[in-house]
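Values quoted throughout were computed directly from the atomic coordinates according to the rules given, and no laboratory measurement underlies them. The structure presented is a predicted model; accordingly, all values stated were derived computationally and were not measured. Virtual Cβ from ideal backbone geometry, glycine too; neighbours counted across all protein chains shown.
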Ligand code: SAH
């Protein structure tokens with residue numbers, strides 16, 4: 001910890017799920033654990049079945065229009081969120097305006113893509129409610145009238161929203177001031193900040209094919225090395241062991257650009 005005192009209230013995450021035990025263990029390691037212990041974040045896991053009214057605690061039903069699988073019903077989800085927020089969200093006749101400091105996020109393969117920019121935005125909220133879908137998904141009225149956002153963590157389909165919710169929680173938590181030991185560190189990471197690459201001739205030459213559009217790009221992190229200096233004959237780049245900080249910085253920047261071009265050329269192309 002840095003010894004700096006942060007005055008913000010802790011940020012609250014609510015995870016709404018039919019599998020509350022899923023989160024056991026997942027919140028008990030590393031940065032997320034420390035952030036909870038330091039009360040930078042407060043995580044509440046809400047069992048969706050508490051908001052069912054029938055003997056079988058039914059959360060799903062067959063899809064209108066036919067087809068495979070089951071769909072999560074709207075009533076338990078609306079009521080779970082309303083109980084957490086402490087007020088009704090309304091109905092078709094009159095909907096309550098959402099609280100601008102609270103995000104109600106539906107995890108969905110059909111959502112907008114989650115990225116570092118969105119994580120940074122969430123880190124400024126007081127509260128993030130994460131709704132975990134299951135089966136074929138969730139009644140669309142949840143996306144339309146309950147959630148403030150519908151978010152996907154990537155172009156693939158998982159069996160539930162619990163892993164995606166954990167992923168969002170982790171990415172947001174490490175951006176909360178004080179959560180990382182070293183305050184500067186999230187700035188220098190992959191996607192940390194848009195970099196202006198113009199004016200560095202030696203770097204621009206590496207970007208020959210992108211020369212006309214090299215401003216305001218996201219870069220991936222530079223490669224990291226630790227001891228041993230030589231392992232199975234593979235050596236750590238000489239420059240990193242020389243102690244010349246300017247040279248090291250230059251190497252890291254060039255290596256970050258090279259790696260971005262190799263692994264994520266899309267980040268360097270025009271927006
Ligand atoms: N029929 C849906 C997939 C349902 S998967 C479709 O084709 O889009 C069941 C649940 O898993 C979803 O409701 C969602 O909460 C979660 N899920 C699956 N893939 C996801 C992804 N890429 N991002 C976020 N949530 C996802």
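Structure notes:
- On the beta carbon distance between residue 245 and residue 148, with R0 = 45 Å, the FRET formula returns roughly 0.50.
- Order of 102, 58, 173 - criterion: other Cβ atoms within 10 Å of each residue's Cβ, fewest first: 58, 102, 173
- For the chain, the relative contact order works out to 18 percent when only alpha carbon pairs closer than 8 Å and six or more residues apart are counted.
- A simple spin-label model places the labels of residue 96 and residue 234 5.5 nm from each other, with each point 7 Å out along Cα-to-Cβ.
- Per-peptide average of other Cβ atoms within 10 Å, ordering 146-154, 110-118 highest first: 146-154, 110-118
- Rule-of-thumb Rg ratio for the chain [Cα; 2.2 N^0.38 Å; N residues]: 1.22
- Packing around the peptides 243-249, 133-139, taken as the average count of other Cβ atoms within 10 Å per residue, puts them in this order, highest first: 133-139, 243-249.
- Where a label projected 7 Å from the Cα of residue 221 along Cα→Cβ would reach, residues of region 148-190 with amide N under 19 Å: 167-190
- With a simple spin-label model that places each label point 7 Å from the Cα along the Cα-to-Cβ direction, the separation between residue 110 and residue 263 comes to 3.3 nm.
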